[in-house]
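Contents: one structure, followed by commentary.
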Amino acid sequence: GDIMAGVACEQVPRNQATIVVSGERVSAVGAALANGFAQNALDIDDGYRRVKGHPGAAFLPALLAALEVRGSCTGSEFLTAVVLGYEIGIRAGLIRHAAYPTYHSSGSWGAVAAAACAGRLLGLGRAHLREALGTAEYHAPIAPMMKGIDVPCMGKDSLGWGNMTGLASAFMARRGFTGVEPLFSEAPETEWVTNLGRRYEILNLYFKPYAACRWAQPAVAGCLQLVRENRLKPADLARVKVRTFAAAAALTRRPPANTEEAQYNLAFPVAAALVDGAVGPAQVLPPRIFDRDLLDLAGRLEVEVAQEFEDRFPAKAIASVEITTRDGLRYDSGAVEARWEPPDTLPSDDELQEKFSWLAVPVLGTRRADELSQLIWQFEKSADARQLIDRSVVG
């Protein structure tokens, strides 16, 4: 986040839009770029199972920058654009994955969502919006997603580049730039086009309670369940075995050298859950990622691909955990889904509020985080949506 804020300040300085938290002012596309990287920095944002990605992070930074360019709008108008971003982004991801069968990063289809909702907020008409969608699709980052998982890096699902591309595409279309035929034209009769405005996929998001790849989170949940139910302590553990789907099993189990390697990991989040009872910023940032006891436990993790879980992925992310204690007792979690999945285990408002405070208070301070939270819960009544940005900056 700091690196990209520095790049934006150096390369695209302009008093046009805000980098959240720090409050630095840069160009609108620079803010979309920097905030796009920051939004996924801890990999704890919401997601949509069937596109294996993060639709919210794919457009919100672009939308915030578009809001500042526009000048102001009501909270209700802004929330309408948010819903539009989710609905267009999820559908763009589904169509792109169906048309080109490879694992596409969130920025690759999210750029289309960013162009759509930013264009809406900027007042683009039908013809210009169409060109913005095609321009964003054509210029979107087609990132080699698995390379960033096999060797974790700061690519962060190409969300920064996707936000910047989507917002730039809206600006380009507004000036008359023409794009390719939008991907929605490739599947005009599919349910993903025909049910737009009638079925809302925003209701099918999952939420993340842990700062780690979603693929590791069923195993984390299984570990926490066993520890809680059986009052196990780290010193009791002799052996931990995880059975899961192939994508999760392919996550690295190497000792992390940095936060990305801690997030895109299977062994480290499991060990953190067993030792600390949590997987959050404190666990995936230095110095905790170098703790010897935690790394020793991570090094003893055994992993096996379970065909019954592989058959249900990506619609479901499931794992089971088996713990053997030093005195020979064996505990099995059974099949466990990642927490906060639709439709049955979504978080309550209180749980989301707790997560927000857990993440925001150390950064913004208690007063500013409370002000921001109160604004968000009543945002549809806000007369000026720019308050969202003002209260996202350290006061």
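The values are calculated or read from the model by the stated rules, or taken from the named source; none is laboratory data. Not measured: the values here are computed from a predicted model. Heads up, the Cβs are rebuilt from the backbone with ideal geometry, glycines too, and the neighbour counts pull from every protein chain shown. To get the accessible areas, we keep the full protein, side chains included, count just its heavy atoms, and leave off ligands, DNA and RNA. Shrake-Rupley method; radii C 1.70, N 1.55, O 1.52, S 1.80 Å.
Some values worked out for this structure:
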{"quantity": "Gyration tensor over alpha-carbon atoms, the stretch 1-114, equivalent ellipsoid semi-axes in Å", "calculated": "25, 17, 11"}
{"quantity": "Quarter of the Cα convex hull surface for the stretch 58-174, i.e. its orientation-mean projected area (nm²)", "calculated": "6.9"}
{"quantity": "Distant-in-sequence amide H partners of R14 (H built 1.01 Å from N, under 5 Å)", "calculated": "V26, S27"}
{"quantity": "Cα convex hull volume per residue for the stretch 263-395 (Å³)", "calculated": "167"}
{"quantity": "For the stretch 259-268, 3J(HN,Hα) per residue [Karplus equation, 6.51 cos²θ - 1.76 cosθ + 1.60, θ = phi - 60°, Hz, x = Gly/Pro]", "calculated": "5, 4, 5, 6, 6, 8, 8, 9, 5, 5"}
{"quantity": "Share of carbon and sulfur in the accessible heavy-atom surface of the stretch 315-374 [1.4 Å probe, %]", "calculated": "50"}
{"quantity": "Overall Cα dimensions of the stretch 319-395, principal axis frame, Å, largest first", "calculated": "60, 29, 15"}
{"quantity": "For the stretch 108-238, alpha-carbon Rg and Dmax in angstrom", "calculated": "20.5, 66"}
{"quantity": "Relative packing of peptides 87-94, 349-356, 147-154 - highest average C-beta neighbours within 10 Å first", "calculated": "87-94, 147-154, 349-356"}
{"quantity": "The chain - charge dipole about Cα centre, Lys and Arg +1 at Cβ, Asp and Glu -1, debye rounded to 20", "calculated": "420"}
{"quantity": "Only Lys, Arg (+1) and Asp, Glu (-1) charged, at Cβ; the stretch 11-99 dipole about Cα centre in debye", "calculated": "300"}
{"quantity": "Residue-by-residue Karplus 3J(HN,Hα) for the stretch 328-337, coefficients 6.51, -1.76, 1.60, Hz, glycine and proline x", "calculated": "x, 6, 10, 10, 10, 6, x, 5, 10, 8"}
{"quantity": "Compactness of the stretch 285-352, expressed as Rg and Dmax over alpha-carbon positions, Å", "calculated": "16.0, 41"}
{"quantity": "Scattering curve values for the chain, log₁₀ I(q)/I(0), Debye with Cα scatterers, q = 0.11 Å⁻¹", "calculated": "-0.79"}
{"quantity": "Placed amide H near L346: partners under 5 Å, 5+ positions off or other chain", "calculated": "E341"}
{"quantity": "Centre separation in Å (Cα based) which lies between the stretch 50-120 and the stretch 130-160", "calculated": "13"}
{"quantity": "Calculated [θ] (222 nm, deg cm²/dmol) that DSSP helices of n ≥ 4 give over the chain, each run adding -39,500 (n - 2.57)", "calculated": "-14500 deg cm²/dmol"}
{"quantity": "The chain, relative contact order [Cα under 8 Å, separation at least 6], %", "calculated": "18"}
{"quantity": "Interchain or long-range residues, amide H under 5 Å from A211's placed H", "calculated": "V279, G280"}
{"quantity": "Whole-number D in µm²/s for the stretch 171-284 (Stokes-Einstein; Kirkwood sum over Cα pairs; 25 °C, 0.890 mPa s)", "calculated": "140"}
{"quantity": "Two-decimal Rg to Rh for the stretch 154-193 - Kirkwood Rh, Cα set", "calculated": "1.10"}
{"quantity": "Residue-by-residue Karplus 3J(HN,Hα) for the stretch 180-192, coefficients 6.51, -1.76, 1.60, Hz, glycine and proline x", "calculated": "6, 4, x, 4, 5, 6, 6, 9, x, 9, 6, 4, 5"}
